[in-house]
Amino acid sequence: MPGLARIPNLGHALRDALIMHKPRVALIEANRHQETARLTFQEVWRESGRLTGLLREHGVAPGDRVAILMTNQWRWPVSAIAVIWSGAVLVPLDYKLPPADQAKLLAFSEARALITESAIARELEPHLTNLSTRPILVVAPDPDLPAGARDWNAEPRSTPDIHLEQQPEDVACIVFSSGAGGDPKGCMMPHRAYLAQAETLAEMFPFGPGDRFFSILPSNHAIDFMSGFLIPLLTGGTVVHQRTLRPEYLAWTLRHYQITHMAAVPLLLEALKRRIEEKTSSRSPLARDLFDMGARINRELTLRTPSHGLSRLLLKPLHDEFGGRLRLIFAGGAFVPEFLARWFYDRGLPVVIGYGLTEAGAVLTVNGLSPWRGDSVGRPIPGVEIRIHAPDSSGPGEVWARGPNLMRGYLNNPELTAETMADGWLRTGDLGWLDASDHLHLVGRRKNLIVTAGGKNVYPEDVESSLAGLPGAEEFCIFADSYIWPAGSMIGEQLVIAIRWSPGADLNHGLTELRSRNRLLADFRRVSHVLNWSQPFPRTASMKIKREALAREIRESLTREEALRPI
Amino acid sequence: MDRILHRLLDLAAARFGADRLALKPQDDMYEALRIDSMRALELLTELENEFGVEIPDYELQRVRTFEELAAVIARRC
């Protein structure tokens, strides 16, 4: 999509695209097996224009802030366009947060209006009474509209002018990063950041008319905002929404709508892998052998570059299960184990691993496809510079990034902005190193760093990826013992693995495998204790484990002596 | 309501191989059944089929105990 970065603002770019692709299908929404909406680009134009008029009538003026709080659906992108066209700053909020937190972010962002749906509005209502300025609620149609709420479907009295005056440096969105705890971190993203990023990504991974992106990650999340809203609508492609996330309907949607692209987090990839394996194991031994052989041949023949046609031929039943057109799965938002990404690549479903932060739009680095790689988080995308600040003697240091896709700073927090951004560089807080081919390897978060008795640095994420795929483990997390039970020192820590076993798992087998894999690790990276935990781990919207929250849950229910068993 | 709750506990225990007698209405269902949110959604589908109701995923978000889940179903029966 060349030239996008020369357009001054998102409103302009979206308007141009909606006109250019008029008759094409822009949005499809399904609820279970039923299609509930299908809109062409022209219909998106009309709906967004209508809602822009409605927002104006409710008093929204250029420069105001308007929040969206909705589950993934066709109304999400339409609302986003309307907010941008009304000249307001868009504040996408996470529908998975507790209502009290949502109300806190509404107050913090001083939102003048909130576009939401009735189920959310009803839960939020009691928490809005304490706000000094109560936002106007615009609620998607419902037979019993909450009191005082405005109807999303009401017709405006006049045709609105679309506000297209914003400059590239003006703030388009305030996006709250999923970082848990502390003050809200509202990243102020300028129009320039989104346009530059969309242009670069659309050139690297061509998307356009006929392509279909399945929007699964929450739309407020930077990855879906870019890949499940902006890029498809700017390039004439289609976004597909499914109102339920139950695995059987996800597979049906992939098949029925012949999805070509999707974005996923590791947890979702694991669920898809499980589904494929279950299907395969129900086949005859001969069919299973043929399937394994297909995967091996595919691996050999696609070493240099993926070939969708070839893989589909070799592994037809698997590809048919997903509609036969799925070409790319973007993965990020958490550490993606290489074995998991490789498993998909070997079967002709390339998982493109990238790395980004809310503070940087969506993506800083991404792996290419020729050849495919799963051992790094990729090279800096064009326009982005990555530098390793103050590397330690073994190589890793803090990852700093610079480029046109960075935020302007945190809302109402100049101190944190100054700590995070200096001389145009964003200090990511992540630790990593660059290899000879400029691929970035992440080793952990700076704040999660563990220092062992031998004075060695250990990154828990690094150990976790070495143990990925542990049999019988539903999920696990590596901690320093003193992270859970503070000992007043960061030195001399022991590594603990907290494991939640799958129901009915063979614990002996799991532990034996853990011990043997543990022995293969450098001695200072070995786990010394096991902690069995029965509750699901707390996770952020992008499915990263909330380490602090999990450590707190453990600390509050168990003493160190009760919890730890030598490995 | 009691009928729904008992049937719900029967189904949950059978599906995830838990001891039916050990499940209490006030138990945290994720903890008692050792399941994550994806598996809880699978249970929801089964409950919909049993009670002939339709429950959006969103409604499960704030539910922790069996009692709360039964209340969600009862509201729609």
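Using C-alpha pairs below 8 Å separated by at least 6 residues, the relative contact order for chain A is 11 percent. Computed from backbone phi with θ = phi - 60° and the Karplus coefficients 6.51, -1.76 and 1.60, the 3J(HN,Hα) list for the range A:318-327 is 5, 5, 5, 4, 9, x, x, 10, 5, 9 Hz; x is used for glycine and proline. Counted residue by residue at 0.36 nm each, then reduced by the alpha carbon distance between them, the extension gain from A:Asn532 to A:Gln494 reaches 12.0 nm.
For the pair A:Glu562 and A:Ile19, the difference between a 0.36 nm per residue extended length and the Cα-Cα distance amounts to 189.0 nm. Computed over chain A, the per-residue total of -39500 (n - 2.57) for DSSP H runs of n ≥ 4 gives a 222 nm mean residue ellipticity of -10000 deg cm²/dmol, rounded to 500. Counting only residues at least eight positions apart within a chain, or on another chain, the lysines with an alpha carbon under 23 Å from that of A:Lys104 are A:Lys96, A:Lys185, A:Lys544, A:Lys546. Mean per-residue shielding of peptide B:33-46 is 5, counting Cβ atoms of other chains within 10 Å of each Cβ.
Once backbone amide H atoms are built at 1.01 Å from N, A:Ser177 has A:Lys185, A:Cys187 as its partners under 5 Å, excluding neighbours fewer than 5 places away on the same chain. Peptides A:502-509, A:4-11, A:366-373, A:115-122, ordered by how many other C-beta atoms sit within 10 Å of their residues on average, highest first, read A:115-122, A:4-11, A:366-373, A:502-509.
Put a plus charge on the Cβ of each Lys and Arg, a minus charge on the Cβ of each Asp and Glu, and nothing anywhere else: the dipole of the range A:447-566 about its Cα centre is then about 200 debye. I need the calculated FRET efficiency for the pair A:Arg446 and A:Ser282, taking r as the beta carbon distance and R₀ as 41 Å, to the nearest 0.05. E between A:Arg446 and A:Ser282, to the nearest 0.05, is 0.35. With respect to chain A, whose longest principal axis is taken over its alpha-carbon atoms, helix A:507-519 is tilted by about 80°. Relative to the dominant Cα principal axis of chain A, helix A:41-57 is inclined by about 70°. With a cut-off of 17 Å on the backbone N, the residues of the range A:382-425 near the modelled label site 7 Å out from A:Lys104 along Cα-Cβ are A:411-413. Each of A:Trp85, A:Gly356, A:Ala549 was placed along the dipole of the protein assembly as shown (beta-carbon charges, centred on the mean Cα), and the one lying farthest toward the positive end is A:Gly356.
The residue among A:Pro126, A:Val175, A:Ala154 whose Cα reaches farthest toward the positive pole of the charge dipole of the range A:95-182, with charges on the beta-carbon of Lys, Arg, Asp and Glu, is A:Pro126.
Helical content alone sets the calculated 222 nm signal of chain B at -18500 deg cm²/dmol, taking -39,500 (n - 2.57) per DSSP H segment of four or more residues and averaging over every residue. Each peptide among B:3-14, A:46-57 gets the average number of other Cβ atoms lying within 10 Å of its residues, and from highest to lowest they stand as A:46-57, B:3-14. Here A:Glu338, B:Glu54, A:Glu29 are placed in order of increasing Cβ neighbour count within 10 Å, fewest first, which gives B:Glu54, A:Glu338, A:Glu29. Its Cα centre serving as origin, chain A has a Cβ charge dipole (Lys and Arg +1, Asp and Glu -1) of approximately 1040 debye. Taking 1.306 mPa s as the viscosity and 10 °C as the temperature, the Stokes-Einstein diffusion coefficient of the range A:362-424 based on its alpha-carbon Kirkwood radius rounds to 116 µm²/s. Note on B:Val72, A:Val171: ascending count of other Cβ atoms within 10 Å places them as B:Val72, A:Val171, the fewest first.
Of the residues B:Thr45, A:Ser215, A:Phe291, the one whose Cα sits farthest towards the positive end of the charge dipole of the protein assembly as shown is A:Phe291 (charges of +1 on Lys and Arg Cβ, -1 on Asp and Glu Cβ, taken about the Cα centre).
Rounded to the nearest 10 degrees, what's the angle between the helix A:191-204 long axis and the longest principal axis of chain A, both from Cα atoms, 0 to 90? With rounding to tens, the tilt is 60 degrees.
Laboratory data are not the source of any read-out in this text; all were calculated from the coordinates shown. The shown structure was predicted, so the numbers you read here are calculated from the model rather than taken from an experiment. Using ideal geometry, Cβ is built from the backbone for each residue, glycine included, and neighbour counts are taken over all protein chains shown.
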